[in-house]
Structure formats: structure tokens, C-alpha cells
Amino acid sequence: MDSFVRWCDMSGRLRVIAVLASFAMLVALSTPASARGPEALSLTTSAKHVTFHGTATLVATVDPAVAGQVVSILDASGVVLASGSTGTDGTFSMDIQPAANLVAHASSLGVDSAPVAVGVRPLMTLTSSPVRPFEDVTVRGMFKPIREGQPVTVELQHRGQIVETKRPTMDARGRFTVTFRVPGAGSYRVRASSDASDLLPGRAATPPSVTTLPDLALGAHGVYVALLERRLVELHYHLVGVDDIFDYRTADAVMAFRKVQGMARTQIVDGATWRALGSPRLFVPRNHAGGFHIEVDQTRQVLATVRDGEVENIIHVSTGKPSTPTRDGSFHITSKLAGYSPKQLYYPSFFDGERAIHGWTDVPTYAASHGCVRIPYWVALWMFDQDPVGTPVFVYH
């Protein structure tokens, strides 16, 4: 009897389970496929990288493919970028122009896809003023999307080697400006980069620009003369009235420079002169004592004024010819004469008997005087004010 009761109880339970299973099947069969969650969901992008303002297409695909499946595409913080229903091929797509790097995923009825990433490459442009030796070149740039305050690394390069680096910051319009001094002749370009944390690295460069090296001589004028004169003064070659006219004073300074460089002793500026101006051989004083003194290098036929061991001015001169030489040695200015001496020495400063530093109308490229140190006429008054009695004078080969 007990066995029969237990059999009936078990049989009833099985019938209940069967009924419930049948009901669930009926419900499933009566529910549209689009209302059920997909078995799998994926998201793809048409481009892994886009330039700012560029478009990428994100495509969500449900599996199995059914029409009418509601799908949302969200960014990494959960913000919904777009929602819609799949088409007959089981896909839903959207076009997007991201303003920054994007990570997105698709979601449908509790099923999420793996994330995809779209990197945004910023727009960066560069322009520069003309590139001329020993002149400032101004570089202007634009960066989009705007990142106010973001630093930009800007490099001036010479034949691929970095000459100088500066780091300006972008303004409220995404612009930046920087100035470099072009150190000499050659091929130059400017490169810029900026690495904003929410963007791909931004890069830009100007085309290579080769500096023009015009030949210059007495009578020339223009911007290249001004650049030449400015550079000569930077290198301590004596010159007054820096302007854009190549006159006799410019010619004398060029002569002094070419002498120190060991170049042909002419007053012409050619390509070799321009290149030498960029990487010059410097005049190194023999005497490094404190105070002011004068050095006369008879080998190179130049005079230098030196203060506290630093060269201040270099001047083209002509010393004594072999038959009436200027003696090497250590001397002092012993006397001076304002105006002309009886021998027509112009504003002489005597340092060795009748030998003097003085102005003269003709200052050859070689030793041609009668033992004095000839300097150009236009330098004489200035020199006269520089060397009071007692000034040390060192003469050597």
C-alpha cells in the first residue's frame, strides 16, 4: 500500500514537470527572436586611426542574424553613442567623427561585445619665414583639436641634426609661435610634435630650405649685407654703422675675417665665406692678463683689442715690410698725437720708439709699412680713444 502511494506521488510530480516544460517551450516559440538576447555580439570599426574630422564606421553584428534586434553602442564611460535596430543581415552601424581617442563596445539585452578602439590623429600645420643665415626664422603652427596650454616640441634641424629645441604652448585657438636663429649656411627644416594624452601623437614638418649664399662685394646692398655685417660684429670684427650697404668699412671687416680664417686675402664674400662665418676659426689671444691690452699678429696681419682675456675687436692691418720690420715683443703706448704727425701718421699712438699704431690711406693685405702698424683711416680716431698711454701692446708672429 505504501509503495502504491509513493508511485502515485512521483507520477504526479513528473506530470507537473512535463506541463511546465511544455509551457516554457510554448512561451519561447511565441517570443520573437528580436526580443531574445543574441547568442553573440561583435563590434568592428572601418578604421583603427582617423585624422581629426575624419569618419569611422562602427558596425555591431548579432549572432544569429535577426532583424529588429535593439543594439546600443557605448563609449568606455558608458555614454550611449547611438542605438538602433539591426537590419535583416543582423547588423547595426553608425558613423562617428571622434574628437579624441575612442574606445567603444556594443550591448544588446545584457550581451556585450568586446571593445574596439579608434585613435584620432590631430591636424598639425607648420609655416616659417624665409630661412637665411644668421637671421631669426619665425615658425607658426596650428593644432586641431584645440588643446590650450598643451606644450609642443619644436626642433630646428640642420641636415637631420637637431640645432635647437623649444617648447611653446598652444593658445586658445590651438596656435603656437617660436623663433630660432639660423646659425649658418646649409639645409634646414623645422619639425614639431605634441603628445596629448587623449590623442595619437601629432607630427608636422616644413619642407627642407637651403639658405641662399649670394656673392657680395663693394657696392652691394640689401638684407644679406645687413646679415653679413651683423655676423661680423657678433664675431668681434670691428665695424660701425651696421646697415645694408657694403662699403669700405664692410670690406675692411671682411678682409680681417678672411685673414683670421686663413682664406685668400680679398674683400669678396662668396659661398666659402658664408660657410666660414657659420663655423669660424676664432682669434685666441696670446695674453690672458686682466685689463685692456692690444695684440698684433704679424702672421695674419690683424690687430685685436683684448679686455680681461676676451677679444673685443679685430682689425685688418699692415705691419712693417722685411726691410723695415715691426719688432716682435712686449711694449706699451708711450706717447700719442691727436691729428697728423710730421710724417703724416694719422692719430698715431707710439709704442716702440717711432713705431706707432696709426691711420693710413693705404692698408695692403700684406706687411708693407716702414715699421708701424697701419690701420684703416676710418678706424684711427676710434683706436686713438681706446689706447691711452701705458696700454700694453704685444706684437708677435
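The values are calculated or read from the model by the stated rules, or taken from the named source; none is laboratory data. Computed from a predicted model, the values in this text were never measured in an experiment. When we count neighbours, we look across all protein chains shown, and the Cβ atoms used for this are built from the backbone with ideal geometry, even at glycine. To get the accessible areas, we keep the full protein, side chains included, count just its heavy atoms, and leave off ligands, DNA and RNA. Shrake-Rupley method; radii C 1.70, N 1.55, O 1.52, S 1.80 Å.
Give me the residue from the stretch 189-205 that is open to solvent by less than 50 Å² (accessible area, probe 1.4 Å) and part of a loop (DSSP other than H, G, I, E, B) and, out of that set, farthest from Gln150 (Cα to Cα). So that I can check it myself, show each step before the final result.
Taking the stretch 189-205 first, the residues open to solvent by less than 50 Å² (accessible area, probe 1.4 Å) are 190, 192-194, 196, 199-200, 202, 204-205.
Remaining after also requiring part of a loop (DSSP other than H, G, I, E, B): 196, 199-200.
Details: Ala196: 7, Leu199: 12, Leu200: 14 Å.
Restricting to residues being open to solvent by less than 50 Å² (accessible area, probe 1.4 Å) and part of a loop (DSSP other than H, G, I, E, B), the top hit is Leu200.
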Flagged pairs (Cβ under 8 angstrom, 6 or more apart or on separate chains; first in the stretch 102-117, more than 23 Å from His49 (Cα to Cα); second crowded, with 21+ Cβ neighbours inside 10 Å and at pLDDT below 95) are Ser108/Pro38; Leu109/Pro38; Val111/Pro38
Step by step: first the residues of the stretch 283-305, then only those that are open to solvent by less than 30 Å² (accessible area, probe 1.4 Å) and within 35 Å of the chain's Cα centre (by Cα), then the one that is nearest to Pro376 (Cα to Cα). Which residue is that? Phe283
For the structure I just gave you, tell me whether Val103 is open to solvent by less than 30 Å² (accessible area, probe 1.4 Å) and of a type in the set (A, V, I, L, M). no
Can you tell me which residue within the stretch 123-144, out of those that are within 18 Å of Leu199 (Cα to Cα) and not small (Gly, Ala, Ser), is surrounded by the fewest Cβ atoms within 10 Å (Cβ to Cβ)? Thr125
Members of the stretch 230-256 found to be of a type in the set (Gly, Ala, Ser) and within 17 Å of Asp270 (Cβ to Cβ), listed by number: Ala251, Ala253, Ala256
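State whether the residues of the stretch 178-188 include one that is touching a helix residue (DSSP H, G or I) at 6+ places or on another chain (Cβ under 8 Å) and open to solvent by 30 Å² or more (accessible area, probe 1.4 Å).
Yes, the stretch 178-188 contains a residue that is touching a helix residue (DSSP H, G or I) at 6+ places or on another chain (Cβ under 8 Å) and open to solvent by 30 Å² or more (accessible area, probe 1.4 Å).
Being open to solvent by less than 60 Å² (accessible area, probe 1.4 Å), closer than 30 Å to Val70 by Cβ and touching a residue at least 24 places away in the same chain (Cβ under 8 Å) narrows it down to one residue among Val120, Val154; which is it?
Values: Val154 fails: closer than 30 Å to Val70 by Cβ.
Result: Val120 is the single residue among Val120, Val154 that is open to solvent by less than 60 Å² (accessible area, probe 1.4 Å), closer than 30 Å to Val70 by Cβ and touching a residue at least 24 places away in the same chain (Cβ under 8 Å).
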Residues of the stretch 312-351 that turn out to be open to solvent by 20 Å² or more (accessible area, probe 1.4 Å) and either assigned to a strand (DSSP E or B) or more than 19 Å from Tyr377 (Cβ to Cβ) (or both), as a count: 20
Name the residue, out of Val363, Val373, that is within 14 Å of Phe384 (Cβ to Cβ), crowded, with 17+ Cβ neighbours inside 10 Å, of a type in the set (A, V, I, L, M) and modelled with pLDDT of 95 or more. Val373
Listed residues Gly278, Gly309; which is crowded, with 16+ Cβ neighbours inside 10 Å, farther than 22 Å from Ile375 by Cβ and touching a residue at least 24 places away in the same chain (Cβ under 8 Å)? Gly278
